[in-house]
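Beneath this line is the structure, given in structure tokens, with notes to follow.
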Amino acid sequence: MEVVLAKTSGFCFGVKRAVDTVYEQLEKNGSKGGIYTYGPIIHNEEVVKDLEKKGVKVLDSRQELEALDSGSVIIRSHGVSKDIYDIIEKKELDCVDATCPFVKRIHGIVEKESSQGRRIVIIGNDGHPEVEGIKGWSNTPATVIEDMQAAENFDAKSDEKLCIVSQTTFNYKKFQDLVEIFQKKGYDIIVANTICNATEERQKEAVDLAAKADVMIVIGGTHSSNTRKLYELCKSKCEGTYYIQTLADLKLDLPNSVELVGITAGASTPNKIIEEVQNYVRINF
Ligand code: F3S
């Protein structure tokens, strides 16, 4: 029996970089002086708890940041608005920026284009921390567009210039459809496709693997929407698909006829958990 782990399973480049940054900070200085992350570094309770045990505290709001007098503040991969950097600087805290470079690029585009007078349109989910961060780099009020209805209803003066960017995890096809609605309205538009393909690549690899596998194991948190999506995609190709959070949830029953077991994991699943599952299946079956 063969066990194949999808290469793109687990952390994407930006999340891995951010989590590694926190552990590096701990290694350098311990938690002396205070290490804080602005928001949980990743949507994975085990990782956040492990970091907490080592002394890393999570700041849940701007007020909590403003109340700090010393320490290092780590910015997570989603990035933050410009005024958060301003608070950190004003309070003379140490800023450790782990914003994903792909998100940083969006901040740069938004800052530049808005300062040259373009109105910023962000295609994405309003309220998502990444979108909130992007908004905060615009020198003019930014508009968030989530669906067709909002795009159809969008109204600007005919001589207004626009710059459209996207949340990194937005669906490409939907982005194109929404951009088309704006183009039809005849505005002067710059479109920056800022979608990151990490999610799409992970999904595509999982689907290809599930199509070949007799059994497929998808690992990730129950609240992780990208893991749920992975599970649904795999299930549509492979009836024997399992959705587990950790090895403890795995109740595998493999008939002798099984030749290929595929494993993939959502974007916030730590490597340690993936390895445990992989080793268990390899050793026990
Ligand atoms: Fe991950 Fe950065 Fe892409 S955080 S999903 S690699 S934009």
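On alpha-carbon atoms, Rg over Rh for the stretch 134-285 using Kirkwood Rh? Present the calculation step by step, with values, prior to reporting the outcome.
Values: Rg = 20.9 Å, Rh = 18.2 Å.
My calculation puts Rg/Rh at 1.15.
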Reachable aspartates and glutamates from K32, Cα under 15 Å, same-chain residues fewer than 8 places away excluded? E24, E52, D69, D94
Pairs of Lys in the stretch 129-194 closer than 22 Å at Cα, counting only those 8 or more apart or on different chains: 11
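Taking 0.36 nm per intervening residue step and subtracting the Cα-Cα distance, what contour gain separates E45 from E275 on full extension? Don't jump to the answer; show the numbers that get you there.
Numbers: separation 230, 0.36 × 230 = 82.80 nm, distance 1.79 nm.
So the extension gain works out to 81.0 nm.
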Calculated FRET value between K82 and L252, using beta carbons and R₀ = 51 Å, to 0.05: 0.55
Give the calculated FRET efficiency between K7 and F154 to the nearest 0.05, with a Förster radius of 41 Å applied to their Cβ-Cβ distance. 0.55
Between the alpha carbon centres of the stretch 217-267 and the stretch 160-188 the gap in Å comes to 35 Å
In vacuo Debye scattering of the stretch 44-92, one point per C-alpha: log10 I(q)/I(0) at q = 0.17, 0.25, 0.26 Å⁻¹? -0.57, -1.07, -1.12
Per residue, what accessible area does the stretch 97-196 have, given a 1.4 Å probe and all protein chains present, in Å²? 48 Å²
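Averaging the inverse of every distinct alpha carbon separation and then flipping it gives the Kirkwood radius. What is it for the stretch 19-177, in angstrom units?
Details: mean 1/r = 0.0589 Å⁻¹.
For the stretch 19-177, the Kirkwood estimate is 17.0 Å.
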With all pairs of different alpha carbon atoms counted, what Kirkwood hydrodynamic radius in Å does the stretch 219-285 show? 12.5 Å
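Quick one: which of K16/K112; K7/K53; K57/K90; K7/K212 span more than 23 angstrom between C-alpha atoms? All intermediate terms of the calculation are to be shown ahead of the outcome.
On the way: K16/K112 28 Å; K7/K53 30 Å; K57/K90 21 Å; K7/K212 15 Å.
Result: K16/K112; K7/K53 exceed 23 Å.
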Kindly provide the trypsin sites (Lys or Arg not before Pro) of the stretch 95-180 that DSSP labels as loop, not H, G, I, E or B, and whose Cβ sees at most 15 other Cβ atoms within 10 Å. K157
Sort out for me the Cα centre separation of the stretch 113-133 from the stretch 26-98, rounded to whole Å. 24 Å
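Averaged over every viewing direction, what's the projected area of the C-alpha convex hull for the stretch 1-65? Give it in nm², one decimal, please. Spell out each step's value before the answer.
Values: hull surface 23.8 nm².
Over every viewing direction, the Cα hull of the stretch 1-65 projects on average to 6.0 nm².
Past 31 Å, Cα to Cα, is the threshold; run K28/K251; K54/K91; K49/K229 against it and keep the listed order.
Working: K28/K251 41 Å; K54/K91 24 Å; K49/K229 25 Å.
Violating the 31 Å limit, Cα to Cα: K28/K251.
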Report the far tail of the P(r) of the chain, meaning the percent of Cα-Cα pairs longer than 24 Å. 57 percent
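Quick one: compute the contact order of the chain, relative version, from alpha carbon pairs under 8 angstrom and 6+ residues apart, as a percent. Provide the component values of the computation, followed by the final result.
On the way: 510 pairs, mean separation 60.2, N = 285.
Computed over the chain, the figure is 21 percent.
The values are calculated or read from the model by the stated rules, or taken from the named source; none is laboratory data. Since the structure is predicted, the reported quantities are computational estimates derived from the model, not experimental observations. Reconstructed Cβ throughout: ideal geometry from the backbone, glycine too, with neighbour counts over all protein chains shown. With ligands, DNA and RNA removed, areas are computed over all heavy atoms of the protein, side chains included. Shrake-Rupley method; radii C 1.70, N 1.55, O 1.52, S 1.80 Å.
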